[in-house]
1. Please report how far the C-alpha centroid of the range 62-138 lies from that of the range 164-208, rounded to the nearest whole angstrom.
2. Apply the Karplus parameterisation 6.51 cos²θ - 1.76 cosθ + 1.60, with θ equal to phi minus 60°, to every residue of the range 233-247 and state each ³J(HN,Hα) to the nearest whole Hz, in sequence, with x for glycine and proline.
3. So, by mean Cβ neighbours within 10 angstrom, what's the order for 86-94, 129-137 with the highest one leading?
4. Hey, can you grab everything whose amide H is under 5 Å from the amide H of Gly116? Only 5+ residues off in sequence or another chain; H modelled, so Pro and N-termini drop out.
5. Can you tell me the order of 59-70, 175-186 when each peptide is scored by its average per-residue count of other Cβ atoms within 10 angstrom, highest first?
6. Only counting other Cβ atoms within 10 Å, I'd like Tyr104, Tyr98, Tyr117, Tyr166 sorted with the fewest neighbours first.
7. I'd like to compare 234-244, 153-163: which one has the highest average count of other Cβ atoms within 10 Å, and what's the full order after that?
Amino acid sequence: MSREWTNRRVLTTLVIAILITLAASQAYLLFAGPTRHTVSGVTTAHVAPDKALVSLGILVTATTASAAVENAATTMSQVISGLHGIGVSDSDIQTTYYGVNAQYTYNNGVPPTLTGYQVTNQIQVTINTSTSAQLGPRAGQVIDAAASNGANQINGVTFTAQDTDYATAKQTALHNAVIDASDQAHIIASALNISITGVVSVTTSPGYFQPIYYDSIRLAAFSASTPISAPQSLPDTVTVQVVFSTA
């Protein structure tokens, strides 16, 4: 009698387990919906640079603040005059930093001693050309003209492009990335013998056109006639992630 009762309990347990499994399967089929496949499309766009930003300035030290400010003003006027001499207009010259700082010497156990004042005046010169081939030589001219007229801080050159050029290239890259994702999805569907029934979601990871920067260390290595070569293009990689529904 005990063995029969045990067999019934085992059988009942198996039946319950089967029913639970079937119920779970039906619930999954009810709520899971269509099969989904995620595909990433990637495209790299290129923009030809047509703008250069030259960062330069002066650093002047004097025993008094007024003398330092006056000397800095005289020197910067000479620098700007030299830039005018090679055709740079005032609208392409912007002050990016100006500061007056006291200079001290420090000795252990002794109060700091004022030794003078330092004036820093930094400007940015914008260069616009019709072709990227003209950017490098023009940037070199700007650096040479500024340095020969008193600029003693050459911070670097950044090559970039107009905003409209960036926007056009980014739209093209986004379009091509979507096509790339779609092509991949159809290749996968064909190989698996399934059909694409729709698009569930699209997520974009837009890239950023990184300007090319030449720092002061590289510029310092050049000779008096500064040769600078602009990059042929500025790359930007755009990624699109598309979730397709299939059946």
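We did not get these values from a lab; they are worked out from the coordinates using the rules stated. Being a predicted model, the structure only gives us computed values, none of them experimental. When we count neighbours, we look across all protein chains shown, and the Cβ atoms used for this are built from the backbone with ideal geometry, even at glycine.
1. Using only Cα atoms, the two centres lie 49 Å from each other.
2. Calculated HN-Hα couplings, in order: 7, 10, x, 8, 9, 10, 10, 10, 10, 10, 9, 9, 9, 10, 9 Hz.
3. 129-137, 86-94
4. Gln103
5. So the order, starting with the most tightly packed, is 175-186, 59-70.
6. Ordered from fewest to most neighbouring Cβ atoms within 10 Å, Tyr104, Tyr98, Tyr117, Tyr166 come out as Tyr104, Tyr98, Tyr166, Tyr117.
7. Order by mean packing, descending: 234-244, 153-163.
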